[in-house]
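Worksheet: one structure, shown below.
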Amino acid sequence: GPLLSAVVSVRKSLAGAPMATSKKIEEKYQKMLKEIQKRPENRHCFDCSGRGNQYVVLNYGVFVCTTCSGIHREEQHKIKSVGMSTFSTEEIKALERGGNGTAKSIWLAKATQSEGQPPPEGDIPKIRAHIKAKYTQRRWYDEGGAPPPA
């Protein structure tokens, strides 16, 4: 019918979009992602004391290590590898606004100094409990803790 032909023509026009420009844009954003990953607040895992930051938890816009990314996967959170995955422009823009610093001001807003300390790297039971308390139970959560957008 007419709807189908409209969908087909939209698809064709999208398919015909010049690849060079989208490739350039994609490269620009991948470079931006690496810059965001290198920011001091994103250099460490957000959920344990580890130095790893190769994974992003898209639900919360945080950088985490391999171990913590696995625990987040168990919790059905959406994970992408910085080196191995392609991030959408929207995902990178969200990370630009987010990251571990912003997340800390929201997810750990009400945490005491000791509660806010991430569990030791590799202590999976402690990390799992910390992740559940932080995100699932929202124990220290305060949306108002977010810094105003720049």
| query | With each pseudo-label sitting 7 Å past Cα toward Cβ, what's the residue 73-residue 123 distance in nm, one decimal? | reply | 2.4
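Using the 2.2 N^0.38 Å rule of thumb for compact globular proteins, work out how the stretch 28-150 stacks up: its C-alpha Rg over that value, please. Display every interim value, and only then the final one.
Working: Rg = 13.4 Å, N = 123, 2.2 N^0.38 = 13.7 Å.
Compared with the compact-globule rule of thumb, the stretch 28-150 sits at 0.98.
What shape does the stretch 69-141 have by the C-alpha gyration tensor, where a ≥ b ≥ c are the square roots of the eigenvalues, rounded means a/c under 1.5, and otherwise prolate means a/b greater than b/c and oblate the rest?
Numbers: a/c = 2.15, a/b = 1.38, b/c = 1.55.
Cα axes put the stretch 69-141 in the oblate bin.
What does the net charge come to around residue 66 if you take all other residues with beta carbon closer than 14 Å to its beta carbon, with K and R at +1 and D and E at -1?
Numbers: positive: 51, 73, 80; negative: 47, 74, 121.
Cβ neighbours under 14 Å give a net charge of 0.
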| task | Round to the nearest 0.05 the FRET efficiency obtained for residue 28 and residue 143 when R0 = 25 Å and r is the Cβ-Cβ distance. | result | 0.20
| request: For residue 136 paired with residue 93, estimate the spin-label separation in nm (one decimal), with each label point 7 Å from Cα along the Cα-to-Cβ line. | output: 3.3
| request: Evaluate the relative contact order of the stretch 49-94 (contact order divided by residue number), counting alpha-carbon pairs under 8 angstrom at least 6 apart; express in whole percent. | output: 35
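From the square roots a ≥ b ≥ c of the eigenvalues of the alpha-carbon gyration tensor of the stretch 20-79, which class results: rounded (a/c under 1.5), prolate (a/b over b/c), or oblate?
Values: a/c = 3.22, a/b = 1.66, b/c = 1.94.
Note, shape of the stretch 20-79 comes out oblate.
None of the figures in this text is laboratory data; all of them are computed from the coordinates on show. Just so you know, these numbers come straight off a predicted model, no measurement behind them. Quick reminder, even Gly has a Cβ in these numbers, built from the backbone with ideal geometry, and neighbours come from all protein chains shown.
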